[in-house]
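K.L.:
Just dropping this structure here.
All of the numbers you see were taken from the coordinates with simple rules; none came from a lab. What you are looking at is a predicted structure, and each value in this text was computed from that prediction instead of being measured. Virtual Cβ from ideal backbone geometry, glycine too; neighbours counted across all protein chains shown.
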Amino acid sequence: MGKAKVNMVIRFLKGMQAEKVNVLGTEEAREDNELVQKVIEDIELFYEAELES
């Protein structure tokens, strides 16, 4: 996956986190957003070399 695509996926997931807060509220979205954050961190670690170049 190229750098642009990785960044696009991460931006999408961060947008999804914000949308969950808007729809569900901070407390209701907390658990889901923690899981999404773990996915973001996993993607960043897995594609670390591509993101640096």
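K.L.:
From the set of residues in the range 13-30 that are free of Cβ contacts under 8 Å to residues at least 12 places away in the same chain and surrounded by 11 or more Cβ atoms within 10 Å (Cβ to Cβ), which is nearest to the chain's Cα centre (by Cα)?
P.N.:
Ala18
K.L.:
Let me ask another. Suppose the filter is within 13 Å of the chain's Cα centre (by Cα) and surrounded by fewer than 13 Cβ atoms within 10 Å (Cβ to Cβ); does Asp42 pass it?
P.N.:
yes
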